[in-house]
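**Q** Got a structure for you, questions after.
The values are calculated or read from the model by the stated rules, or taken from the named source; none is laboratory data. This structure is a prediction, so every number in the text was calculated from the model and none was measured. All Cβ positions, glycine included, derive from the backbone under ideal geometry; neighbour counts span all protein chains shown.
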Amino acid sequence: MPFYETDAMGIVHHSNYVRYLELGRIGFMDAHDRPYRDYVAEDLHFATTQLEVSYHKPARYDDVLEIATWVEWVRGASIRIGYEIRRDGDLLVRAATNHGMVDGQGRPRRIPAPQRASLARAAGQR
């Protein structure tokens, strides 16, 4: 962790974890679905509708963090992503985010069928 992401005690500020979740989510999409930029090119976005974070242990300056990311479920226009952030195997944070698909004007849209199927496979759904 860079020093600028920490507080005066050298502990990563809690707000930075939301950024780490986004990095994990985008990396997951790249590896298991398609690059997020492809959704953006189609004027589609996954708007965050809910965030749950449980902090177990603090991350500190110069820690190397591992972010595990997975799809918990996929519905017609929404998705739930789960996360664990670890340092050397120790659980620091467990989190989940819900997202609704919207277009560039914020109007709800269904997740395109091929991507919904791809994400459902990643979640182990049929």
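**Q** Going by the structure shown, is D90 touching a His at 6+ places or on another chain (Cβ under 9 Å) and either modelled with pLDDT of 95 or more or surrounded by fewer than 17 Cβ atoms within 10 Å (Cβ to Cβ) (or both)? Can you show your working first?
**A** Numbers: touching a His at 6+ places or on another chain (Cβ under 9 Å): yes; either modelled with pLDDT of 95 or more or surrounded by fewer than 17 Cβ atoms within 10 Å (Cβ to Cβ) (or both): yes.
For D90, the condition - touching a His at 6+ places or on another chain (Cβ under 9 Å) and either modelled with pLDDT of 95 or more or surrounded by fewer than 17 Cβ atoms within 10 Å (Cβ to Cβ) (or both) - is met.
**Q** Just to be sure before I move on: is V71 farther than 30 Å from M9 by Cα and in contact with a Leu (Cβ under 9 Å, 6 or more places away or on another chain) in the structure I sent?
**A** On the way: farther than 30 Å from M9 by Cα: yes; in contact with a Leu (Cβ under 9 Å, 6 or more places away or on another chain): yes.
Criteria met by V71.
**Q** Further question on the same structure: List every residue pair whose Cβ atoms sit under 6 Å apart, with the two residues 6 or more apart in sequence or on different chains, where the first one lies in the stretch 63-80 and is of a type in the set (D, E) and the second, anywhere, is in a loop (DSSP other than H, G, I, E, B).
**A** Close Cβ pairs (under 6 Å, with a partner that is in a loop (DSSP other than H, G, I, E, B)) amount to D63/M1.
**Q** Only one of these is farther than 29 Å from R109 by Cα and either basic (K, R) or loosely packed, with under 12 Cβ neighbours inside 10 Å (or both): D43, D62. Name it.
**A** Details: D43 fails: farther than 29 Å from R109 by Cα.
One residue alone meets the criteria, D62.
**Q** Write out, first by first residue and then by second, each pair whose Cβ atoms fall under 7 Å of each other, whose residues are 6+ apart or on separate chains, and whose first residue, in the stretch 6-23, is of a type in the set (S, T, N, Q) while the second is surrounded by 15 or more Cβ atoms within 10 Å (Cβ to Cβ) and modelled with pLDDT of 85 or more.
**A** T6/V12; T6/Y61
**Q** Would you mind stating whether V53 is of a type in the set (V, I, T) and either under 20 Å from Y20 (Cα atoms) or at pLDDT below 95 (or both)?
**A** Details: of a type in the set (V, I, T): yes; either under 20 Å from Y20 (Cα atoms) or at pLDDT below 95 (or both): yes.
Spelling it out, V53 is indeed of a type in the set (V, I, T) and either under 20 Å from Y20 (Cα atoms) or at pLDDT below 95 (or both).
**Q** Run H13 past the list (1) loosely packed, with under 15 Cβ neighbours inside 10 Å; (2) within 12 Å of the chain's Cα centre (by Cα); (3) not aromatic (F, W, Y) and report the number of the one that doesn't hold.
**A** Going through (1) loosely packed, with under 15 Cβ neighbours inside 10 Å; (2) within 12 Å of the chain's Cα centre (by Cα); (3) not aromatic (F, W, Y) one by one, H13 breaks only (2).
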